[in-house]
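Chemist: The structure that follows is given in the form of structure tokens.
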Amino acid sequence: MRELRPRSRAEGIAMANFTTHIVVGTVVSGTLATLTLAADVIAPENLVAVTLAGSLGSVLPDIDLKDSRPSRALFAGLAIFFSFAILFHFAPRLSIAEMWLLWLGTLFFVRYGLHALFHRYAVHRGIWHSLVAALTCALATVLVFYYVFGRPDGVAWLAGGFLLIGYLVHLTLDEIYSVDVMGAHIKKSFGTAIKLGDARHPAATAAMTVAAVALLLVTPSITTFFDGLTSRSMWAGLHQRLLPSDRWFGIIAERGRLAAAPDVPEAPTTGSLPAATAPAGREAPAP
């Protein structure tokens, strides 16, 4: 068997394509969403939102590819979000004509102006393919869910966690595609997908680190999320529900024929992660 050997620069950078990233990211997010639903800790409408955050994270690192679908889609989404956010904020003081101009101006500025400015400095497999960028994007997601969408702090942190996992799935796939197992060699791109920062551009690494610290300082409390994630009762419930006790898909075998099992009352949905457990002798805070 031949030894693994680096290939020449002419062979290009190997990476998983868009379809692979979105499919794998969606599968991982769906698996996590299933566990979250079984744990009965957030409302269904919140679950859909945090699952979409995980899918977004699975394609987000390719934002630095100028002509990539993730980049175009992300800037289009940002343009729609900020144009309406600014419109709703200033609408009471503006005429209809002014509102049209403000909305369209913001939409085109973000979609095309910021898109062009971003890609003037962005380098593929640079700072956006790093762990510090993954953390920064996750913290930004927490802030958007908490301050913009008005979700509870536990749900906001859960959304940030989903996006972080999706982001790491993307980086991992790119590293896997950097190893040609059949050809028994390491491609040129090996080691460029998962890294702490971008050693080639220390200024970008420093800026991303500062951004992560700044975002962390204004995030909501993580106590509810942490206590809910480490709750013994939650993990015990998941273990109990891992496999059906006497039937699959609500159907049981009865005297040689299949019969539908009686309905089981659904557990109430909390709408937020469980509140922290109070120390002995003190009442638990209201959720």
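The values are calculated or read from the model by the stated rules, or taken from the named source; none is laboratory data. Because the structure is a prediction, the values reported are computed rather than measured. Backbone-built Cβ (ideal geometry, glycine too); neighbour counts: all protein chains shown.
Chemist: Would it be correct to say that residue 39 is among the hydrophobic types (A, V, I, L, M, F, W, C), surrounded by fewer than 17 Cβ atoms within 10 Å (Cβ to Cβ) and more than 14 Å from residue 170 (Cβ to Cβ)?
Modeler: no
Chemist: Within the stretch 128-162, take every residue that is part of a helix (DSSP H, G or I) and aromatic (Phe, Trp, Tyr) and give me the one that is farthest from residue 32 (Cα to Cα).
Modeler: In this case the residue turns out to be 147.
Chemist: Six or more apart or on different chains, Cβ under 8 Å: which pairs go from a residue in the stretch 91-120 that's modelled with pLDDT under 95 to one that's basic (Lys, Arg) and surrounded by 15 or more Cβ atoms within 10 Å (Cβ to Cβ)? Could you list them?
Modeler: Correct list of pairs: 115/72.
Chemist: Given the condition over 21 Å from residue 142 (Cβ atoms) and over 16 Å from the mean Cα position of the chain (by Cα), answer yes or no: does some residue in the stretch 46-65 qualify?
Modeler: yes
Chemist: On the given criteria, is residue 212 among the small types (Gly, Ala, Ser), modelled with pLDDT of 80 or more and part of a helix (DSSP H, G or I)?
Modeler: The answer is yes for residue 212.
Chemist: Still on this structure, I have one more. Within the stretch 86-119, count every residue that is in a loop (DSSP other than H, G, I, E, B) and surrounded by 13 or more Cβ atoms within 10 Å (Cβ to Cβ).
Modeler: Summing the residues that are in a loop (DSSP other than H, G, I, E, B) and surrounded by 13 or more Cβ atoms within 10 Å (Cβ to Cβ) in the stretch 86-119 gives 1.
Chemist: Still on this model: Would you call residue 230 under 28 Å from the mean Cα position of the chain (by Cα), of a type in the set (S, T, N, Q), under 25 Å from residue 162 (Cα atoms) and modelled with pLDDT under 80?
Modeler: For residue 230, the condition - under 28 Å from the mean Cα position of the chain (by Cα), of a type in the set (S, T, N, Q), under 25 Å from residue 162 (Cα atoms) and modelled with pLDDT under 80 - is not met.
Chemist: In this structure, does residue 100 turn out to be within 23 Å of residue 169 (Cβ to Cβ) and among the aromatic types (Phe, Trp, Tyr)?
Modeler: No: the conditions fail for residue 100.
Chemist: Can you tell me which residues in the stretch 61-84 are hydroxyl-bearing (Ser, Thr, Tyr) and surrounded by 18 or more Cβ atoms within 10 Å (Cβ to Cβ)?
Modeler: Matches in the stretch 61-84: 71, 83.
Chemist: Would you mind telling me which numbered condition in (1) assigned to a helix (DSSP H, G or I); (2) among the small types (Gly, Ala, Ser); (3) at pLDDT below 75 residue 236 fails?
Modeler: (3)
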